[in-house]
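K.L.:
One structure, as structure tokens, below. Some questions next.
The values are calculated or read from the model by the stated rules, or taken from the named source; none is laboratory data. These figures come from a predicted structure and were not determined experimentally. Virtual Cβ from ideal backbone geometry, glycine too; neighbours counted across all protein chains shown. Quick note on the areas: whole protein, heavy atoms, side chains included, nothing else; ligands and nucleic acids left out. Shrake-Rupley method; radii C 1.70, N 1.55, O 1.52, S 1.80 Å.
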Amino acid sequence: MSLLVKICGLSTRETLQTALDAGADMVGFVFFPPSPRHLSLEAGRDLGRQVRGRALKVALTVDADDATLDNIIDALAPDIFQLHGKESVARLRDIKQRFGRPVMKAVPVETSADLAALPGYAAVADRILFDARAPKDATRPGGLGAPFDWHLLENLQLALPYMVSGGLHAQNVAEALRITCAGGVDVSSGVESAPGVKDPELIEAFIRAARASQELSVR
């Protein structure tokens with residue numbers, strides 16, 4: 001199975017075009033006001049049109065209500081929702097039924113105990129995203145540039161496709177993939193020159209490094 005590479009938190013036409021041209025499989029758009037990567041619905045609509053089916057459009061939300069999700073559907077027409085809050089299994093099921101979109105549930109990881117929630121989420125979600133657990137005083141759950149202990153995912157028995165995020169960049173993505181055997185990687189702050197400011201060269205370097213690691217594993 002080919003590796004999925006997701007560039008998250010895109011907010012300009014230039015950096016979105018870079019991600020598409022470099023071969024990103026998923027492009028992520030953040031709809032969460034506390035984040036420096038937050039998009040207005042109007043900006044989301046504009047960027048969504050630019051994708052033109054070249055990658056899957058991912059809408060990242062945090063404990064969003066139905067009205068917010070309705071607005072995102074109308075503006076972005078996302079291919080998948082990335083739920084990055086404290087959404088329950090029941091809420092995941094409700095979103096899938098109500099909006100007819102696949103859902104990717106972000107699971108924050110710090111210790112092995114954090115994996116206890118997996119069976120419930122795996123019964124409903126279409127994909128799992130493992131991310132570093134944010135510090136208690138953080139104002140947002142992700143995009144903080146911190147990795148977690150990837151060894152916690154060694155020997156993971158999960159029938160569901162899963163991705164890894166949290167503190168990834170071009171220099172460590174190969175190691176993350178080697179340890180976790182994840183089917184995909186998700187990067188945001190690791191391809192930025194400042195919080196919320198994507199760097200085209202870093203985007204290209206990350207995708208190159210991820211693809212190169214996959215080629216090595218195939219050999």
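K.L.:
Cross-link partners among lysines for residue 198, C-alpha distance below 22 Å, same-chain residues fewer than 8 apart left out?
P.N.:
Qualifying lysines at Cα under 22 Å: 6, 57.
K.L.:
Let me ask something additional. Can you give the charge dipole size of the stretch 1-145 about its Cα centre, rounded to the nearest 20 debye, using +1 on the beta carbon of Lys and Arg and -1 on the beta carbon of Asp and Glu?
P.N.:
In total the dipole reaches around 200 debye.
K.L.:
Determine the relative contact order of the stretch 1-133: mean sequence separation of Cα pairs under 8 Å and six or more apart, normalised by residue count, in whole percent.
P.N.:
It rounds to 17 percent for the stretch 1-133.
K.L.:
As an exercise, use a Förster radius of 35 Å and the Cβ-Cβ distance of residue 93 and residue 178 to find the FRET efficiency, rounded to the nearest 0.05.
P.N.:
Taking R0 as 35 Å, the efficiency between residue 93 and residue 178 is 0.55.
K.L.:
Going by average Cβ neighbours within 10 Å, how do the peptides 110-118, 64-72 rank, with the highest at the top?
P.N.:
Those peptides, ordered most packed to least, come out 64-72, 110-118.
K.L.:
Turning to a different aspect of this structure: Specify whether the C-alpha gyration tensor of the chain places it in the rounded, prolate or oblate class, a ≥ b ≥ c being the square roots of the eigenvalues: rounded for a/c under 1.5, otherwise prolate if a/b is larger than b/c and oblate if not.
P.N.:
It is rounded, given that a/c, with a ≥ b ≥ c, falls under 1.5.
K.L.:
Let me ask something else. How far, in nm, would the chain grow between residue 42 and residue 115 when pulled straight, counting 0.36 nm per residue and subtracting the alpha carbon separation?
P.N.:
22.6 nm
K.L.:
Which of 194, 174, 43 moves the most in a Gaussian network model of the chain with Cα springs under 10 Å?
P.N.:
Looking only at 194, 174, 43, the largest GNM fluctuation is found for 194.
K.L.:
Lysines within cross-link reach of residue 86: Cα-Cα under 17 Å, excluding same-chain residues under 8 positions apart?
P.N.:
In chain and number order, the partners are 96, 105, 136.
K.L.:
Same structure, new question: I'd like the FRET efficiency for residue 201 and residue 49, computed as 1/(1 + (r/R0)^6) with the beta carbon distance as r and R0 of 22 Å, rounded to 0.05.
P.N.:
0.30
K.L.:
Roughly what would the spin-label model give for residue 67 and residue 171, points 7 Å off Cα along C-beta, in nm?
P.N.:
4.6 nm
K.L.:
In whole Hz and in residue order, list the ³J(HN,Hα) couplings for the stretch 48-60 that follow from phi through the Karplus curve 6.51 cos²θ - 1.76 cosθ + 1.60, θ = phi - 60°; x for Gly and Pro.
P.N.:
x, 5, 5, 5, 6, x, 7, 7, 6, 8, 10, 9, 8
K.L.:
Let me ask something else. What's the ranking of 205-213, 55-63 by average number of surrounding C-beta atoms within 10 Å, highest first?
P.N.:
For the peptides 205-213, 55-63, the packing ranking is 55-63, 205-213.
K.L.:
Expressed as a whole percentage, what fraction of the accessible surface of the chain belongs to carbon and sulfur atoms when a 1.4 Å probe is rolled over the protein heavy atoms?
P.N.:
51 percent
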